[in-house]
Each structure stands twice: as structure tokens, then as C-alpha cells.
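Read-outs throughout are calculated quantities, based only on the coordinates presented, and are distinct from any laboratory measurement. On a predicted model such as this, the values are computed, not experimentally measured, just so you know. So basically every Cβ, Gly included, is an ideal-geometry build from the backbone, and we count neighbours across all protein chains shown.
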Amino acid sequence: MSATRADICVVALAECFRGDGEIVANPIGTIPMIAGRLARATFEPDLMATDGEAALVANDAAFAWPEGRVIEYYNPYRSMFDVVWSGRRHVVMGATQIDPYGNQNFAAIGADYAAPKTQLIGFRGAPGNTVNHTTSYWVANHSPRVFVEKVDVVTGVGWDRAAAAGPAALEFFELRRVVTNLCVLDFGGPDHRMRLVSVHPGVSVDDVVAATGFELAGADSVTESRLPTDEEMRLIREVIDPDDQRHTELPEERS
Amino acid sequence: MTARASSTKLMSADDVVATLDDGMTIGIGGWGSRRKPMSIVRAMARSSLKDLTVVSFAGPDLGLLCATGKVRRAVYPFASLDSIALEPHFRAARQAGRVEDVPFDEGMFLLALQAAAWRVPFLPTRVGLGSDLMTLNPMLRTVQSPFDDGLELTAVPAFELDAAICHLNRADERGNASFLGPDLYFDDLYLRAARTRRFISAERIVPTAALAEEAGTELRLRIARIMVDGVVESPGGAWFTSCVPDYERDEALQREYAAAARSPEQWDAFFRTHVEVAS
């Protein structure tokens, strides 16, 4: 049974949490939520995870708990901000636009903020998340429209903007990684610019370069994203995402 | 012993709207498309009110008021219908440049409510630093810590609300109320942040003695009558947003509401069927 691209993305996102220890892993989106559960079920057993509403739950399944939730903590939105501001959290957010330094936009597209071409969801928690704890990103459709030289609005803060805003912005700042349907990126380039770390099996460096609207660092020393182990495949398919929601977010594509 | 006369605060949704004026800043409780005080919002939509500033973790409250031309300014960290990611009526108003936009981060929004509730001019935070909130939101400033760290932080000013409106599961007629779902959200803070015109609607009005029993625990009695000026009995008052455990979101009706953003004709039809009629 070979791994699909979605399975590989799950593993790549799970790897983002490696070394995090006892914090709240708060990946947002279908594949990221599966990834957080996978990290906890394997190499990061101390992570805490949300049920998507007002509880932190111990269940391995990501989306449905027919046998009931195992609630570890009552976590209404007000408590979530206590978690965010205490720093004991690693969020994975989406991005409609992201630039070389990891500045993210999901508020509005267009040059004129007063009458945007496209109004999106708003700033949500992105400004607070990014300056208070570790942040990674998940982009399901890696394209030059998403990876842009300059975002229209900075919702989540990137490395350059955090540095310019001073020590209060930089003290707890860590943009860790960007995982896409094509590859894994980090910010290990010069001045914390985005760097290509690995391409998913079946994807070439040229594919990534063509899908990215700015120059990536590190394209000369790229590896291949790792495959899930047999045990990881079993957990994903049988325990964490038995209803196969990951292939709704990223349609099946054998690699 | 003679029983003291306890004052009732019962009123109608239209009574609530009658206390509001053009240009006011209205805080609306709930979260996204969850436990929104829609019976009162619908009464606002039917009224002649205009130029409102809406302060909200926004969903169809903001959308409906935008679609009916009531909103001059939106103060919000997000606008979403939850199961439908983006609020279509708010989007239409924004993209047409009809609504002034005052963006917030979610947690920063909590601090603006909290500062108002505690009657301090601002609260400091790291939130906002480095983001475009600092330029796009004219309310924000920075402040330097007076202590040895000397850190430059964001100063989040207190919201100045002319009115606060929330929907709860149970209330008594004096304004004590409980939430029975998973999350109070920030309803208590809205009701503390406003100085006057603090209104709640509730699925059911019960005797005070029944509040704790209905809630199963006193931990859910989170709205006290010192925070409330008026109470509206409004079964189904969160229409079509969720109000668990009393009812889930009416997804079919929400889809109809969202689809009505496609044309003025569809909106007129939706308005006549679902908004014009008093609940």
C-alpha cells in the first residue's frame, strides 16, 4: 500500500512538532489536524490537542469520537488566549499569500484595503500567534499566487517585520516551517529568507521553483520528504482519519 | 415577612431597538455563527437605524446589518459563518467600499473589551507588533513599559460601547442568565464593557430559583443582573446560528442566507421571508 501525497504531507506536518514537548499543538485545517494527532501518537506523546471547540482531548482520532471524548482540560476561547500568550502552543495556519520572510495574509487581497478586490476572513489570531509562540504554515495549493514577493496585508508576522518591530515582537518569535502539497520549506536562508528543504516524492525542484513567485534559498541541497512508516500509515488510516478526510482536502495522487 | 417587589426587566426586541440611535457603537456577543442575538439583530435590520459601528466576533450579525445598510464601520477580528468560511454579505459591502474597516486580532479584541470592563484606558500586549494592524487600525498605539525591561508594546484601547447585545440559553426576568453550550465566548465582557443599554435575549425565561437547576451547576451562571438592563424572551432567538444544547445551527437556512448575496432580487426575497417578519 503506497503512501499518497496527502499522507506525505501529514508526515511532513507532523515533523514540524518534533521536539515541542508538553505544549498545545494547534494545527488548523484537515491535513494539519491529522498531522498533530500523528505526532502525538508517535514521537511527541506530551502534546495536547483541541477538539476544535472548547476542550483539549486525549483521543487519537482527529475528527469524530463515537466512543466519547477523553477531556483533559476545559479550554474555551478565553483560555486559548491564555495558552497563546503563555507561549505554550505551536499553531499551523493557512495562508492566502506568504512572502519570502513568512509574512502571511488571509485578511484581504488587493492594493486598496478600504475596498479590497477580495475580502477574506480577517486578521483572526495571526498577529498574536506569530509574536507569542511557534508558528508553521500549511499551503494545500503551492502556486505563484500564494508565494508572492510582497503580501497585500501582513496578518501573520514574518521574520523581517518581527525584527524591525523590536524585542517585544522578536523575543518569543519562531516561524518554523512551511509545508505545501509540493515540498517542505523553512527560514534558514540568508536573513531568515525562505529555503527549500525537501520536495515530496514525485515533485522536482523545478516544479517548486516554477510554483513560487520569489527566489528560494537552498535549492542546491534539497532532499526528498520522507515516506510514512508502516506504523504511521496504520495510525493515519485506521485510527486518526478512518473516514479519509485528508483526501478531500488533497485529492488522491499516488506517488 | 413581606416579599420585596423585584423589578422585571422584560421587554421586546423592538423595545431594545427603540433605545438605540443612529451612529451608535453596538457590541454584539456570540462568536461567528454561534449563539448570536439574531432576534434583536433582525429587529435592528427592520428599523430605520443607520451609520452603526458594529463591534463583534462577526458572523451573520454583521452580515445582515451590512446587507440592510445599517453599518458604517466594522470593528472585528474575523467575519465567518463557520461552516461557510467567509461572510458573503460583509464581503460584498467591503469590496464595494461601503463599510469602514477597523481590523483586530482576536485576542487583542478581548483586551479592548476587558479594558472597557475594568474601566482602564488601555491594556498592553505584544499582539499586533510587526503586523499591519498597527497601520490599518487607527485606534492602536504603542506604549513603553515603565519598568526596567523598557519594552515597547501595543496599547489596546478600551472599546466605548453605546450598547451591548447578547443571546443566552436561560435567564430570569431580572437579567441573571446562564450559557448551556460549550463556551460563554465573551458575552460577559460585552455586558461589562457597555455602561448602559446592556441587553440580553434568552431562549427561555425561568424563575431565579430554577436557573442553577436548569444549568446543572452554578458554574454556568455567568451573567448577573448588575450587568443587564433589559431581557427579551426569545425562543429560537439565535436563528439560524447555533444555540446548543437548545438547537444546532440551521445549515440549510444559513446556506439560503449566504446564497441571497448573489443578487439584489434574491436578497429582497430572503429579507421578505426571513427578516421582515417579526419572530
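Observations
- Placing R0 at 22 angstrom, the Cβ-Cβ distance between A:A111 and B:E100 gives a FRET efficiency of 0.80 after rounding to 0.05.
- Anisotropy class of chain A from Cα gyration tensor, a/c 1.5 cut: oblate
- Least to most buried among A:T50, B:T25, B:T8 (fewest other Cβ within 10 Å first): B:T8, B:T25, A:T50
- Taking other C-beta atoms within 10 Å as the exposure proxy, A:H142, A:H200, B:H167 rank A:H142, A:H200, B:H167 from fewest upward.
- Here the calculated FRET efficiency for B:V120 and B:K50, from their Cβ-Cβ distance with R0 = 22 Å, stands at 0.10, rounded to the nearest 0.05.
- Two-site label geometry, B:T142 and A:E72: point separation in nm, points 7 Å out along Cα→Cβ: 3.7 nm
- Total formal charge among the other residues, if their Cβ is under 15 angstrom from that of A:Y73, Lys/Arg +1 and Asp/Glu -1: -2
- Alpha-carbon centroid distance for the pair region B:17-62 / region A:38-76, whole angstrom: 35 Å
- Between B:S263, B:S48, B:S178, the residue with the greatest mean-square fluctuation in the GNM of chain B (Cα pairs under 10 Å linked by springs) is B:S263.
- Each of B:E213 and A:R18 was given a label point 7 Å from its Cα along the Cα-to-Cβ line. The distance between the two points is 5.9 nm.
- Note on A:K117: aspartates and glutamates with a C-alpha under 18 Å away, same-chain residues under 8 apart excluded, are A:D152, B:E87, B:E100, B:D101, B:D132.
- Bins of 10 Å from zero: percent of alpha-carbon pairs in region B:181-279: 13, 35, 31, 18, 4
- Between region A:199-246 and region B:89-116, the C-alpha centres lie 36 angstrom from each other.
- Placing +1 on the Cβ of every Lys and Arg and -1 on the Cβ of every Asp and Glu, with no other charges, gives region B:1-90 a dipole of roughly 180 debye about its Cα centre.
- Cα gyration tensor category, rounded, prolate or oblate, for chain B with a/c compared to 1.5: oblate
- The Cβ shell under 11 Å around B:R170 holds other residues with a net charge of -4, Lys and Arg each +1, Asp and Glu each -1.
- Under 5 Å from the amide H of A:V154 lie the amide H atoms of B:D132, each residue being 5 or more positions distant or on a separate chain, with H modelled from the backbone and absent for Pro and chain starts.
- Under 29 Å of direct C-alpha separation, and excluding same-chain neighbours fewer than eight residues apart, B:K9 reaches these lysines: B:K36, B:K50, B:K70.
- Between B:A163, B:A96, B:A79, the Gaussian network model of chain B with springs among Cα atoms under 10 angstrom shows the greatest mean-square fluctuation at B:A96.
- Note, ³J(HN,Hα) from phi for region A:192-198, Karplus 6.51, -1.76, 1.60, rounded to Hz, x at Gly and Pro: 6, 7, 5, 10, 7, 9, 8
- Relative contact order of region B:120-262: 21 percent, from C-alpha pairs under 8 Å at least 6 residues apart in sequence.
- Beta bridges by DSSP in the protein assembly as shown, antiparallel share as percent, to the nearest 5: 40 percent
- Calculated [θ] (222 nm, deg cm²/dmol) that DSSP helices of n ≥ 4 give over chain B, each run adding -39,500 (n - 2.57): -7500 deg cm²/dmol
- Other residues within the sphere of radius under 12 Å centred on the Cβ of A:D244, judged by their own Cβ, net out at -4 (K and R +1, D and E -1).
- Prolate/oblate/rounded call for region A:208-247, Cα gyration tensor, a/c under 1.5 rounded: oblate
- Mean ellipticity per residue at 222 nm, deg cm²/dmol - from DSSP H runs of n ≥ 4 across chain A, formula -39500 (n - 2.57): -7000 deg cm²/dmol
- In terms of surrounding Cβ atoms within a 10 Å radius of their Cβ, A:Y113, A:Y74 rank from fewest to most as A:Y74, A:Y113.
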